[in-house]
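Asks: Supplied in structure tokens, the structure appears directly below.
The values are calculated or read from the model by the stated rules, or taken from the named source; none is laboratory data. Values in this document were obtained by computation on a predicted structure and should not be read as measured data. For neighbour counting, all protein chains shown are included, and Cβ atoms are generated from backbone atoms with ideal geometry for every residue, glycine included.
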């Protein structure tokens, strides 16, 4: 070899350093060249003998066939690999296989355009870097359809894997809107998202389990029924927002699970009731909606904040607004009621929080302020799920809301979706619901092969 770092085309004298740099086990680098689209690497396998996949007899060489595969980019440059595949003839007369070519699933699946490394790289970019398919296509030097046609089977295989539904003990549910088009053209606007909230070594963070079209108790009930008895019996806690349909589904399918009403939504209910009181009193005292300079309008944001975080000046502003008119006493009472609901979740011990919650459930329905009385009746209706928060170590649907935030970000990044299946797979991937790595390992790239009766896939 003339230079220790040069690629050598002599079959008996390969450059180990070049082979190491390319990083394709079982292959030698023959040549490398720069093209208009990026880099072209010529490779060939190390094995010079092969057994027939049908009978196992050592086959005879029968020339080569050149296959071009798109590899993961290197240093920001698209890379293509030209694989000089050996062809073989089986001399066994009784064997049904006459000719075949070498296969290596660590490189690519038969007739695949993207190599396994490129698929793994693309999936990681989608999962962790917020990339788009079009952006990946530009980096790989190919088209949108080529990239997605190779990624989708891997994601679909991971989605169909029943193993991702094992070990789940805490379940969350919420809904989100995935499109704003005509329902007759694109189906239901809302999707019900089911989230795994289990914590442990195998579940360090919350992860999205599924997205189901529609928002109703029936949708959630049917999904739970499809999971099977083993899955349902393992669920210990089910968190939800105050939607009766979800509660009915949990009661019907998860009889052994404890329903927990999300703390965020409880505080939100109290805040909404307070806003209704403020707007009503504002209209009654001034005859119009809040305007700049109106005492109640000026404190609208302070009413929503925790009183422990208010400065002395902000507390003084509240007192001035409450005393500006006798009718404002209703707003002051509603404010203290809402703050007590918030204080429930900030007690020193769960027992103290439970006692305060039980006290509010008993007293708020009798409040003379109609909005606060309605809040009390709502909390009384959800009493068991409300108090269960303190019996389950503070189980919350907050991670489910965080998953919704990730989904919204992914949807905005892609500028929206038209295909519901593609949308589901992409959201499951970015929200941690799919482990596609196990489906892009050597020997599993078989998912990318469009089998027919003449296909010979060697593992």
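Asks: Any chance you could count how many residues in segment 407-427 are touching a helix residue (DSSP H, G or I) at 6+ places or on another chain (Cβ under 6 Å) and within 24 Å of residue 203 (Cβ to Cβ)?
Replies: So the count comes out to 4.
Asks: How many residues does segment 125-161 contain that are over 18 Å from residue 414 (Cβ atoms) and assigned to a loop (DSSP other than H, G, I, E, B)?
Replies: Of the residues in that region, 4 qualify.
Asks: Then there is this: What about residue 249, is it under 24 Å from residue 160 (Cα atoms) and in contact with a strand residue (DSSP E or B) (Cβ under 7 Å, 6 or more places away or on another chain)?
Replies: Spelling it out, it is not the case that residue 249 is under 24 Å from residue 160 (Cα atoms) and in contact with a strand residue (DSSP E or B) (Cβ under 7 Å, 6 or more places away or on another chain).
Asks: Could you check how many residues of segment 22-45 are surrounded by fewer than 14 Cβ atoms within 10 Å (Cβ to Cβ) and either outside the structural domain of residue 82 (by TED's automatic domain parsing) or within 39 Å of the chain's Cα centre (by Cα) (or both)? It would help to see each step written out before you state the result.
Replies: Step one: of segment 22-45, the residues surrounded by fewer than 14 Cβ atoms within 10 Å (Cβ to Cβ) are 23, 25-26, 31, 33-36.
If we keep only those that are either outside the structural domain of residue 82 (by TED's automatic domain parsing) or within 39 Å of the chain's Cα centre (by Cα) (or both) as well, we get 23, 25-26, 34-36.
Of the residues in that region, 6 qualify.
Asks: If you take the residues in segment 98-124 that are assigned to a helix (DSSP H, G or I) and in contact (Cβ under 8 Å) with a residue 12 or more places away in the chain, which one is surrounded by the fewest Cβ atoms within 10 Å (Cβ to Cβ)? Let's see the steps before the verdict.
Replies: Just the residues of segment 98-124 that are assigned to a helix (DSSP H, G or I), to begin with: 116-124.
Checking which are in contact (Cβ under 8 Å) with a residue 12 or more places away in the chain leaves us with 116-123.
Details: 116: 25, 117: 20, 118: 28, 119: 26, 120: 17, 121: 19, 122: 24, 123: 23.
Among those residues, the one meeting the criterion is 120.
Asks: Would you pick out the residues in segment 48-82 that are farther than 26 Å from residue 126 by Cβ, surrounded by 13 or more Cβ atoms within 10 Å (Cβ to Cβ) and within 45 Å of the chain's Cα centre (by Cα)?
Replies: Once the filter is applied, which keeps residues that are farther than 26 Å from residue 126 by Cβ, surrounded by 13 or more Cβ atoms within 10 Å (Cβ to Cβ) and within 45 Å of the chain's Cα centre (by Cα), segment 48-82 yields 50, 51, 52, 53, 54, 64, 82.
Asks: Answer yes or no as to whether residue 230 is modelled with pLDDT of 90 or more and either in contact with a strand residue (DSSP E or B) (Cβ under 7 Å, 6 or more places away or on another chain) or assigned to a loop (DSSP other than H, G, I, E, B) (or both).
Replies: Working: modelled with pLDDT of 90 or more: yes; either in contact with a strand residue (DSSP E or B) (Cβ under 7 Å, 6 or more places away or on another chain) or assigned to a loop (DSSP other than H, G, I, E, B) (or both): no.
Answer is no for this residue.
Asks: Answer yes or no as to whether residue 136 is touching a residue at least 24 places away in the same chain (Cβ under 8 Å) and surrounded by 14 or more Cβ atoms within 10 Å (Cβ to Cβ).
Replies: So residue 136 fails the test.
Asks: A further question on this structure: Test each condition in (1) out of contact with any strand residue (DSSP E or B) (no Cβ under 6 Å at 6 or more places or on another chain); (2) closer than 21 Å to residue 411 by Cα; (3) at pLDDT 90 or above for residue 195 and report the one that comes out false.
Replies: (1)
Asks: With the requirement that a residue be over 19 Å from residue 250 (Cβ atoms), out of contact with any strand residue (DSSP E or B) (no Cβ under 6 Å at 6 or more places or on another chain) and part of a loop (DSSP other than H, G, I, E, B), what does segment 162-186 give you?
Replies: Correct list: 166, 167, 179, 180, 181, 182.
Asks: When residue 304 is evaluated against the numbered criteria (1) at pLDDT 95 or above; (2) more than 30 Å from residue 424 (Cβ to Cβ), which criterion, by number, is the only one it fails?
Replies: Answer for residue 304: the failing condition is (1).
Asks: Report yes if some residue within segment 351-373 is touching a helix residue (DSSP H, G or I) at 6+ places or on another chain (Cβ under 7 Å), under 16 Å from residue 268 (Cα atoms) and in contact (Cβ under 8 Å) with a residue 40 or more places away in the chain; otherwise report no.
Replies: yes
One line per residue, one yes/no per condition, for (1) within 30 Å of residue 216 (Cβ to Cβ); (2) at pLDDT 90 or above:
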{"residue": "122", "(1), (2)": "no, yes"}
{"residue": "125", "(1), (2)": "no, yes"}
{"residue": "137", "(1), (2)": "no, yes"}
{"residue": "142", "(1), (2)": "no, yes"}
{"residue": "146", "(1), (2)": "no, yes"}
{"residue": "151", "(1), (2)": "no, yes"}
{"residue": "172", "(1), (2)": "yes, yes"}
{"residue": "180", "(1), (2)": "yes, no"}
{"residue": "183", "(1), (2)": "yes, no"}
